[in-house]
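Working notes, structure below.
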Amino acid sequence: MSDDAIREVFAGLGEITIRKMFGGKGIYHDGLIVGVEVRGEILLKADVVSAPDFEAAGAKRWAYDGKGRPVHMPYWSIPDNAIDDPDELATWTRKAYEAALRTRK
């Protein structure tokens, strides 16, 4: 996925920076990671507060195979109803930023 396409997804959140990482891209807002791009898919950061919202909206949690068992990461797919709706998409990218704020170290 191109950096311009990623910026379009996050337009409702504001300025982002994009950094290459582990075969994908990390997406940052105000210095905090709010999402990743992996294999052409954008995944949004969630935490214990926001993950139930993502799950209820039908989003899927990112997991990878860790020696025969799934390793779940704190990133979720964009809910289908937000893909073509800029206002709804902005709501979900803000949720990702709020999760990043709550989980920063």
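The values are calculated or read from the model by the stated rules, or taken from the named source; none is laboratory data. Everything quoted here is computed from the prediction, not taken from an experiment. Don't worry about glycine lacking a Cβ; one is built from the backbone with ideal geometry, like all the others, and counts go over all protein chains shown. The protein model used for the area step is the full one, side chains on, heavy atoms only, and it has no ligands, DNA or RNA in it. Shrake-Rupley method; radii C 1.70, N 1.55, O 1.52, S 1.80 Å.
Return a yes/no flag: does the range 44-53 have any residue that is open to solvent by less than 30 Å² (accessible area, probe 1.4 Å), within 16 Å of THR103 (Cα to Cα) and of a type in the set (S, T, N, Q).
First pass over the range 44-53, keeping only residues open to solvent by less than 30 Å² (accessible area, probe 1.4 Å): 44-47, 50-51.
If we keep only those that are within 16 Å of THR103 (Cα to Cα) as well, we get 44-47, 50-51.
Narrowing further to those that are of a type in the set (S, T, N, Q): 50.
The answer is yes, given that some residue of the range 44-53 is open to solvent by less than 30 Å² (accessible area, probe 1.4 Å), within 16 Å of THR103 (Cα to Cα) and of a type in the set (S, T, N, Q).
Mind counting the residues in the range 36-53 that are on the phi > 0 side of the Ramachandran plot and assigned to a strand (DSSP E or B)? I'd like the intermediate steps shown before the answer.
First, the residues of the range 36-53 that are on the phi > 0 side of the Ramachandran plot: 39-40.
Right, trim to assigned to a strand (DSSP E or B) and you get none.
Of the residues in that region, 0 qualify.
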Residues that are touching a helix residue (DSSP H, G or I) at 6+ places or on another chain (Cβ under 9 Å), among the acidic types (Asp, Glu) and closer than 24 Å to HIS72 by Cβ, drawn from the range 1-59: GLU37, ASP47, ASP53
Members of the range 11-35 found to be part of a strand (DSSP E or B) and open to solvent by 60 Å² or more (accessible area, probe 1.4 Å), listed by number: THR17, ARG19, LYS20
Test set (1) surrounded by fewer than 18 Cβ atoms within 10 Å (Cβ to Cβ); (2) touching a residue at least 24 places away in the same chain (Cβ under 8 Å); (3) closer than 14 Å to VAL36 by Cα - THR103 fails condition number: (3)
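Can you find, within the range 66-87, the residue that is farthest from ILE18 (Cα to Cα) among those that are assigned to a strand (DSSP E or B) and among the hydrophobic types (A, V, I, L, M, F, W, C)? Even if it seems obvious, please write down each step before you answer.
First, pick out the residues of the range 66-87 that are assigned to a strand (DSSP E or B): 66, 69-77.
With among the hydrophobic types (A, V, I, L, M, F, W, C) added as a condition, the list becomes 71, 73, 76.
Numbers: VAL71: 24, MET73: 19, TRP76: 18 Å.
If we take residues in the range 66-87 being assigned to a strand (DSSP E or B) and among the hydrophobic types (A, V, I, L, M, F, W, C), then VAL71 is farthest from ILE18 (Cα to Cα).
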Residue identified as out of contact with any Gly (no Cβ under 9 Å at 6 or more places or on another chain) and either open to solvent by less than 30 Å² (accessible area, probe 1.4 Å) or of a type outside the set (A, V, I, L, M) (or both) among TYR64, TYR75: TYR64
Which numbered condition ALA63 misses (of (1) in contact with a His (Cβ under 7 Å, 6 or more places away or on another chain); (2) not in a strand (DSSP E or B)): (2)
Residues that are in contact with a strand residue (DSSP E or B) (Cβ under 9 Å, 6 or more places away or on another chain) and under 19 Å from ASP87 (Cα atoms), drawn from the range 6-41: ILE6, ARG7, VAL9, PHE10, LEU13, GLY14, GLU15, ILE16, HIS29, VAL34, GLY35
